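Report on one structure; see the data block that follows.
No value in this document is a laboratory result; all are computed from the given coordinates. Everything quoted here is computed from the prediction, not taken from an experiment.
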Amino acid sequence: MTLFSTGVGLLIAVVLGTAAVAKVRDPGPFVTAVGTLVPRGVSRTVAWTVIGAELLAAVASLVPATLPAGLALAVVLFAAFALVALRSARAPAPLPCACFGAVKADLGWPHVVRNVVLTALAGTALAIVLLGDLGSAWSQPAVMLLVAAIAVVLAAVAISLDHLIALFAS
């Protein structure tokens, strides 16, 4: 695995892992948000399926042997999230964002951009992995530590997007 694909895997693990854990701790806002997109009778099932997929992608993105599957699932999830955010951004009444648990803001253009960027990163990392092993990232511990630190910082930015926008809008 390359440093890039390994770093993106760590980024995905932190972002999707944080999102899934927040939703598991308090599923209500996410189930309610999903209920605005699908029939009420299946909203709980769809919501828990998404949470399960987030957890699966997060864990798979941490293990070199399952990284391709984790990246592929992350591409699907982030693309779907981008489409939902796009629908919300264009709607007269935006959908609530329960991305990381409690609703903090309405889904809008910043969420579209965040999810498109995450989709592109996951897709690029997946392409690199599928094209072949271009070197072992784990054989360079010092560099891998730096890559991990960068991945965690980028994940923190992605997770805190609503707070950052509010901060700079003030």
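Using the C-alpha atoms of segment 77-130, what convex hull volume per residue, in cubic angstrom, is computed?
With only Cα atoms used, segment 77-130 gives 67 Å³ per residue.
Two numbers describe the Cα atoms of segment 6-45: Rg and Dmax, which are 13.0, 39 Å. Values of log10 I(q)/I(0) for segment 35-75 across q = 0.19 Å⁻¹ run -0.57, by the Debye formula with one identical scatterer at each alpha carbon and no solvent. The stretch between Val76 and Lys104, if pulled fully straight at 0.36 nm per residue, gains 7.7 nm over its current Cα-Cα span.
With all projection directions averaged, the alpha carbon convex hull of the chain covers 10.1 nm².
Helices assigned as whole DSSP H runs in the chain whose Cα atoms extend at least 18 Å along their own long axis and whose mean Kyte-Doolittle hydropathy is -0.5 or higher are found at 3-25, 40-60, 67-90, 109-131, 141-159. Springs between Cα atoms under 10 Å define the GNM used for the chain, and in it the highest mean-square fluctuation of Leu131, Leu67, Leu145 occurs at Leu131. Over segment 38-127, the Kirkwood radius and the radius of gyration, each from Cα atoms, give a ratio Rg/Rh of 1.00.
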